[in-house]
Amino acid sequence: MAYVDLNPVRASMAATPETSNYTSIKERITPLFDPELAIQQQLESSTLRKFSGDIKLLLPFLPVANQHQESGIPCAWGDYLQLVDWTGKVVREDKLGAITAAQPPILERLNIQPKNWLKHATEFEYYHPKVFNREEPTIAFSTG
């Protein structure tokens, strides 16, 4: 996924992932529309009923795994952003572009304050109740 999100940077079509077009990382950072509102508007106008394909929204990042969770990507959003940023700064001889080392870290470029990020990351279930349910047990991994 990070490889695909970095394609515009590697092709020198964008300087950073957040300035690239037509990537899932750009859509997650700066959504073009609110999917719930768009679906509701289409239902009200009867447009959606004529749509024959499946609606496939971007899967959410899930920092906590539990047994009955909805589909998602088992990685915290901030960790993924940092992974893409770090990977994009690696210069490769076989690629045209890279994120310049002079660029500040992506969380800083996106003006995500550490205090706000920590609050959101530690209270994810509160902000996204449709995805998580505190009553469900977390998955335990055995070591032996």
Within the stretch 87-118, work out how many residues are part of a helix (DSSP H, G or I) and at pLDDT below 90. 9
Hits in the stretch 29-59 (condition: modelled with pLDDT of 80 or more and part of a loop (DSSP other than H, G, I, E, B)): 30
Would you be able to tell me the number of residues in the stretch 1-24 that are within 13 Å of the chain's Cα centre (by Cα) and surrounded by fewer than 19 Cβ atoms within 10 Å (Cβ to Cβ)? 5
Only residues that are under 12 Å from residue 17 (Cβ atoms), surrounded by 15 or more Cβ atoms within 10 Å (Cβ to Cβ) and within 21 Å of the chain's Cα centre (by Cα): list them for the stretch 73-99, please. 80, 81, 83, 84, 85, 87, 88, 89, 98, 99
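Scan the stretch 81-103 for residues that are of a type in the set (D, E, K, R) and either under 19 Å from residue 114 (Cβ atoms) or touching a Gly at 6+ places or on another chain (Cβ under 6 Å) (or both) and jot them down. Walk me through it before giving the result.
The initial filter retains those residues of the stretch 81-103 that are of a type in the set (D, E, K, R), namely 85, 89, 92-95.
The answer is 85, and nothing else.
The values are calculated or read from the model by the stated rules, or taken from the named source; none is laboratory data. Please read all numbers here as calculations on a predicted model, not as lab measurements. Because the Cβ atoms are built from the backbone with ideal geometry, glycine has one as well, and the counts that use them run over all protein chains shown.
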